Amino acid sequence: MWFEIACLVIVLMIKILLDYGRLQKFPPGPRGLPFVGNMFDIAKLVKETKFYSNAWCRLAERYGPVVGLRLGFDEPLIIVSGKPAITEMLNRPEFDGRPDGFMYRYRSGGIRQGILFTDTDVWHSQRRFSLKTLKQFGFGKRSTEHILQNDAITLTNVIMELTKNGGITNIRSIISAAIVSNLWLLIDGTKFDIGTENSNLNEAIHIVKDLIRSGNVSGGILNQFPFLRHLFPNLTGFSIFVERQKRVNGFFKRFGMKLVPCCIQIVCCTNILYWDKLTTPAEDQLLYLVKDLFSAGVDTTDNVIGFVIAFLVVHQDVQDKVYAEICRVIGKDDYPTLDDKDRLPYLKAVVIEVLRLANVGPTSIPHRAITDSNLLGYEIKKNYTLLANFKSVHMDKEHWGDPEVFRPERFIDEKGEFINDSWILSFGLGRRKCLGETLAKNTIFLFMACLLQKLRFMLPSNHPTPCLQGVDGFIVGPPMMDIIVVRRY
């Protein structure tokens, strides 16, 4: 017994020395405490600033573009802020890894599966397979435009019917249903009828919310102190995490099996040697891959559309300008198409300005250093976790001038054409940027163009002006508000 105690004391002493004896070139940051590291520093900053991304920006202001944090027994967390540092980090292959902590593995059956949290050979194969699968199903092609357009038109008609008397309605749930229905093609090969009660659709929406709620930028306390799950399963959130994962995995096993036969040929064309070497059935890999694609594609798009509506509700003058542009270019009777994107520069500017200010994805998904390296002169050891702070770029005062102001005109040049600014990083950079960027942008454009062509969104009288910062989380949600929807004509 005394031997075990002595070993534990030695381990704890080594931990203290590591925490306090930082490497000479370890990135600067708050010193922290033994064992827990900077957990209390982060908690205090989040309490003061309300958002994790605001806490990262505060640290960058004090310590610079590369900040080093220690979180319990987990690997150090490196917060990377500012355009130059983020661009270098996301374009360096040695930083393309994903963290390998307890929670990241647990979410995929105890091993590394799927595409969001895999790296090296597994990720390369999964990425190739994902691109082939999405191509096979038509995603990102113009051939899917009629599907998106039909969903946008149907959504608009459903909202018009529900609000024909000018009543207040929760349009968020209807928008969520429309977006889930679009991606359901990848899961089930069928589509839901938007506006029609469907138990599978409702379950799919709740599943997406479970997936997002189960996420955490740094992996959470169970990554930092995984042994605590045995001592305090409820207090640490492990019990509810397990329950959600069972529900999520059960859902995708029930419906995702319909996808498997469609993918066998694609698998064979992708990397048959890799799939032959798998220690788990290829079907499991497919199901976790579908789960990742589904969760990444739904909640972000849903929240962006929610934010666009929220900003336009508050800024009625901007909503009027968008409507005037749609009427001038398309008219009141013809439905918008993807061909109209370049003909509606102000609508594009509004969407991009909302992406910049709302910061729905304020940081990258965590990266991992797959080898010893350095960043801006600071030593980054193998397995360090790196997080790109996109909000620091989107709110950079030197570049934007007035970053806190909602001003879509900043993306319109003197000729009235749209300016594609490279400082918008909402979909990431490098090889690990969002695979669904094209689909997401097309969905947001068509949905908003159709909605704003027919409808006006307003706050009820005497409704307080909502805070447009939204609800904090790994994916930031739009503010909750009552909305009156009125037909334009």
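Every number here is computed from the coordinates shown, using simple stated rules; none is lab data. Keep in mind it's a predicted model, so treat the numbers as computed, not measured.
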Quiz prompt | P(r) histogram, all alpha-carbon pairs of the stretch 367-416 included - 5 Å bins from 0, percent | solution = 5, 16, 16, 13, 11, 10, 10, 10, 6, 2
Practice problem: Largest first and in whole Å, give the semi-axes of the stretch 304-462's equivalent ellipsoid, each being the square root of 5 times a Cα gyration tensor eigenvalue. | Solution: 34, 17, 15
